[in-house]
Amino acid sequence: MEGRIRDMADLRASDLRTLTIGGSATLRHAALKVKGIRHRVTDLDVDMALHGNDATVRGLKAEVQGGPIELNGTLRNLMPFLLFDDQRLVIEAEGHSAQLDLAELLRNDGPSSVTAEPYALVLPNTIEFDLKARVDELRFEEFRATDITGTVRMKDRVLTVSPITLQTANGAVLGSLTLDGRGGAGASAYPLAIDATIKDIDITALFKEFQDFGQEFIGYRHLSGTTSARIVFNAPLSPAMHI
């Protein structure tokens with residue numbers, strides 16, 4: 001770091017912009033806790049090059065709750081994020097995972113209780129990202145999807161996945177998803193919107209994967225056949241993942 005600090009006793013994020021910051025960092029087999037993310041990142045291998053407040057990463061590999069991730073891109077506002085509690089990290093990157101288990105990523109790590117919900121969905125307010133993502137297999141309880149590609153963005157606790165393509169229930173899906181998590185940890189539900197075109201979907205498998213969409217009147221046991229359709233779905237989603 002080169003430059004002059006306005007006041008070392010009262011350091012502010014804006015002061016970092018007056019400095020010339022450069023260098024590199026290498027982590028191997030590291031484990032760390034990131035602000036805004038509940039679970040620890042483990043088995044982290046990464047080479048970073050610092051450019052002012054930002055850093056570029058190449059060949060980042062890590063695991064989160066047993067799910068492997070790979071990342072190449074830019075970590076914007078990294079230095080202020082590391083030094084100050086009120087700063088956000090912005091991730092602009094391409095990512096890949098061979099397998100992700102959403103149940104593990106959303107698992108509730110709060111105080112154990114017989115009545116405690118197994119999941120706790122809270123979108124972090126200290127992380128923003130714009131990812132071009134590929135996931136070979138995604139699981140959540142009965143749900144299975146493969147060959148997933150899409151653009152995933154999050155800003156101000158609003159998650160947008162658009163466009164996204166995937167294979168599930170023996171058919172194909174093209175669509176978009178928006179989840180508004182601005183209510184934070186105290187919210188009873190988050191607005192969820194899905195707009196999708198499905199082709200040659202096994203209707204029995206679809207209803208079973210989505211646990212009959214939270215109702216019991218018409219279930220997967222009552223249905224059979226394949227369908228192609230346009231679906232517009234809006235519903236509140238609770239932090240415990242109940243529709």
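The values are calculated or read from the model by the stated rules, or taken from the named source; none is laboratory data. From a predicted model like this one, the values you see are computed outputs, not experimental measurements. In this analysis, Cβ positions are derived from the backbone assuming ideal geometry, glycine residues included, and neighbour counts consider all displayed protein chains. These area figures cover heavy atoms from the full protein model, side chains too; ligands, DNA and RNA do not enter into them. Shrake-Rupley method; radii C 1.70, N 1.55, O 1.52, S 1.80 Å.
In the chain, the DSSP beta bridges split such that about 90 percent are antiparallel, to the nearest 5.
Placing unit charges on each Cβ (+1 for Lys and Arg, -1 for Asp and Glu) gives segment 1-63 a dipole about its Cα centre, and among 13, 49, 31 the Cα reaching farthest toward its positive end belongs to 31. Solvent-accessible surface of the chain, averaged per residue with a 1.4 angstrom probe and all protein chains in place: 58 square angstrom. Both numbers refer to the Cα atoms of the chain; Rg and Dmax are 20.6, 72 Å. Distances between placed amide hydrogens fall under 5 Å for residue 181 paired with 158, 159, all partners being 5 or more residues away or on another chain.
The helix-based estimate of mean residue ellipticity at 222 nm for the chain, built from -39,500 (n - 2.57) per DSSP H run of four or more residues and divided by its residue count, is -1500 deg cm²/dmol to the nearest 500. The charge dipole of segment 37-174, taken about its Cα centre with unit charges on the Cβ atoms of Lys, Arg (+1), Asp and Glu (-1) only, comes to about 240 debye. Applying a DSSP loop filter and a limit of 12 other Cβ atoms within 10 Å to the GluC sites (Glu not before Pro) in segment 106-177 leaves 142. Here the Kirkwood formula puts the hydrodynamic radius of segment 143-237 at 14.4 Å, using every distinct Cα pair.
Lysine pair count for the chain with Cα-Cα distance under 17 Å and sequence separation of 8 or more or different chains is 4.
Taking Cβ atoms as reference points and 13 Å as the exclusive limit, the residues near residue 175 contribute a net charge of +1, counting Lys and Arg as +1 and Asp and Glu as -1. Peptides 7-13, 96-102 ranked from most to least packed by the mean count of surrounding Cβ atoms within 10 Å: 96-102, 7-13. Our estimate of slack between residue 162 and residue 120, defined as 0.36 nm per intervening residue step minus the Cα-Cα distance, is 12.7 nm. Between residue 43 and residue 20, the simple spin-label model (points 7 angstrom out along Cα→Cβ) gives 4.1 nm. Remark: relative contact order (segment 153-243) = 27 percent; criterion is Cα-Cα distance under 8 angstrom and separation of 6 or more residues. The distance from the alpha carbon centre of segment 150-228 to that of segment 122-138 is 16 Å, rounded to a whole number.
Within 10 Å of each candidate Cβ there may be at most 14 other Cβ atoms; applying that plus a DSSP loop requirement, which chymotrypsin sites (Phe, Trp or Tyr not before Pro) in segment 40-120 survive? Those satisfying the criteria are 84. Across all Cα pairs in segment 10-126, the calculated P(r) in 5 Å bins from zero up to the longest distance comes to 2, 10, 16, 22, 20, 13, 8, 6, 3, 1, 0 percent per bin. Annotation: extensible slack from residue 153 through residue 27 equals 42.7 nm (criterion: 0.36 nm per residue apart, minus Cα-Cα distance). Normalising the average separation of contacting C-alpha pairs (under 8 angstrom, six or more residues apart) by the number of residues puts the relative contact order of the chain at 11 percent. In whole percent, what relative contact order does segment 100-196 give with Cα contacts below 8 Å and a gap of six or more residues? Result for segment 100-196 is 20 percent.
Computed log10 I(q)/I(0) for segment 3-71 at 0.19, 0.25, 0.26, 0.29 Å⁻¹: -0.85, -1.04, -1.08, -1.20, from the Debye equation with unit scatterers placed on every C-alpha and solvent omitted. In segment 3-72, the portion of solvent-accessible area held by carbon and sulfur atoms comes to 52 percent [1.4 Å probe, whole percent, DNA, RNA and ligands not counted].
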